[in-house]
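A short write-up of the structure that comes next.
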Amino acid sequence: MTTTVIDGNVEGDGAATRRLPRIPLIDQLRGVALIAMAIYHFTWDLGFFGYIEPDTATTGGWRIFARVIAGSFLFLVGFSLVLGHQRGFRLRPFLIRFAKIGLAAAAITIATWFAFPETFIFFGILHAIAATSLIGLLFLRLPVVVTLLAAAAVVTAPLYLRAPLFDHPALWWVGLSVNIPRSNDYVPLLPWLAPALLGIALARLFVASSLPERLAGYGNTTKIWWKSLLEAAGRHSLAIYLIHQPLLIALVYGFSLVVPAPAADPVVGYTKSCMRACENGSSAAFCQSFCGCTLDRLIGENLFADLNRGAIDITTDERISKISSQCTADAAEKTNLKE
């Protein structure tokens with residue numbers, strides 16, 4: 001099988017004592033993960049073009065959905081890594097696939113740097129797949145219990161080891177920064193190495209059982225079109241990953257030319273943006289007072305329209321600084337009086 005979940009086929013590598021049969025179910029599961037990913041990205045696109053709330057895909061159930069998708073990809077990375085090297089480490093196939101993933105990850109970083117400079121993808125799912133594939137090699141021959149303990153440590157590390165040291169951009173990929181960096185796809189090593197380690201552990205148990213032979217014929221006795229499509233998608237998942245989002249964006253953009261999204265209310269947009277930024281370090285009561293105050297003052301001083309169209313630099317404009325300072329003091333006073 002492949003050493004990664006992206007771009008690879010499940011081939012007939014087996015344990016040292018037997019050759020494992022091909023298992024179509026692995027490709028089918030990878031295909032399901034791709035469909036889920038496309039659904040999530042389509043939702044993000046609808047928000048980006050204004051057809052739904054812009055933060056829909058990054059909050060609530062959609063945020064959980066995104067994490068489940070990322071976890072499933074990385075789990076399959078670890079699972080496939082064991083199956084691909086069960087009869088001995090295959091250096092050349094590993095390096096070829098690792099290079100493909102690495103180049104694709106670099107391409108995503110470069111493309112998003114130009115398209116979304118403030119939220120470009122510096123360590124997304126492809127970067128995580130490449131890193132976990134490499135690190136996973138260290139666990140291929142370790143006892144399963146050691147791998148499971150390592151997975152547990154990886155999950156809990158961000159809860160206890162966050163430090164300002166990791167706020168430096170060069171260390172964002174680790175996942176221990178105090179301030180979470182902004183990115184359209186952020187999958188740091190900690191805690192996202194854990195699903196891959198879990199996949200490695202379960203794959204070790206899998207190949208030691210009779211399940212490979214029992215599952216080999218699953219889905220092959222009767223050819224069903226949707227299973228065949230899922231398998232085909234799973235075997236070409238890297239290509240699908242790279243082209244599906246540009247294609248979806250093009251489709252939604254084309255639709256927007258025919259049926260434009262309703263104009264967003266700038267007041268609502270400002271309030272939501274202000275609340276999101278404020279609530280990172282302040283109470284909800286303070287933020288409501290602060291954001292309401294700044295909105296009123298911006299409108300009263302005829303600055304709101306210029307701010308919305310980008311004619312004001314909030315980092316250097318003294319009028320904005322003055323309003324922010326005054327509203328901070330007012331909000332703090334009101335919040336203290338309520339308490």
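Our note on the geometry: Cα centres of region 63-96 and region 104-147, 11 Å apart.
Computed about its Cα centre, the charge dipole of the chain is approximately 1820 debye, with only Lys, Arg, Asp and Glu carrying charge at their Cβ.
For region 291-314, the residues whose amide N sits under 16 Å from a probe point set 7 Å from the Cα of D330 along the beta carbon direction are 291-304.
The angle between the Cα long axis of helix 284-300 and the longest principal axis of the Cα atoms of the chain comes to about 50 degrees, rounded to the nearest 10. Rolling a 1.4 Å probe over the protein heavy atoms leaves E333 with an accessible area of roughly 110 Å². If you run the Gaussian network model on the chain, springs between alpha carbon atoms under 10 Å, then out of R67, R309, R90 the most flexible one is R309. Expressed as a whole percent, the accessible surface of the chain that belongs to carbon and sulfur atoms is 67, based on a 1.4 Å probe. Among L229, L193, L140, the largest mean-square fluctuation in a Gaussian network model of the chain, built with springs joining Cα atoms closer than 10 Å, belongs to L229. As a calculated quantity, the FRET efficiency between R19 and V268 at R0 = 41 Å, using C-beta atoms, amounts to about 0.10.
For the Cα trace of region 214-339, dividing Rg by the Kirkwood Rh returns an Rg/Rh value of 1.30. Treating r as the C-beta distance of L242 and T156 and R0 as 45 Å, the FRET efficiency rounds to 0.85.
Modelled label positions at D296 and T316, each set 7 Å beyond Cα in the direction of Cβ, lie 3.2 nm from each other. Summed over the residues of the chain and divided among them, the accessible surface reaches 53 Å² per residue at a probe radius of 1.4 Å.
If the segment from V146 to Y253 were pulled out straight at 0.36 nm per residue, it would be longer than the present Cα-Cα gap by 33.6 nm.
Considering only L34, L307, L148, the mean-square fluctuation computed in a Gaussian network model of the chain, springs between alpha carbons under 10 angstrom, is largest for L307. The separation of region 33-58 from region 261-339, counted between C-alpha centres, amounts to 27 Å. Placing pseudo-labels 7 Å out from each Cα toward the beta carbon at A36 and L137 gives an inter-label distance of 2.9 nm.
Is the shape of region 59-189 rounded, prolate or oblate, going by the alpha carbon gyration tensor and its root eigenvalues a ≥ b ≥ c, with a/c under 1.5 for rounded and a/b larger than b/c for prolate? Oblate, since a/c reaches 1.5 and b/c is not below a/b. When the alpha carbon gyration tensor of the chain is reduced to an equivalent ellipsoid, the three semi-axes, largest first, read 46, 24, 16 Å.
With R₀ set to 22 Å, the beta-carbon distance separating S210 from I96 gives a calculated FRET efficiency near 0.10.
Sorting the Cα pairs of region 266-337 by distance into bins of 5 Å, from 0 upward, gives 3, 17, 27, 29, 17, 6, 1, 0 percent per bin. For the chain, the longest principal axis of the C-alpha atoms and the axis of helix 318-338 are separated by about 90°.
The values are calculated or read from the model by the stated rules, or taken from the named source; none is laboratory data. These numbers come from a predicted model, not from an experiment. No Cβ is skipped: glycine too gets one built from the backbone with ideal geometry, and neighbour counts run over all protein chains shown. Heavy atoms of the whole protein, side chains included, go into the accessibility calculation; ligands, DNA and RNA do not. Shrake-Rupley method; radii C 1.70, N 1.55, O 1.52, S 1.80 Å.
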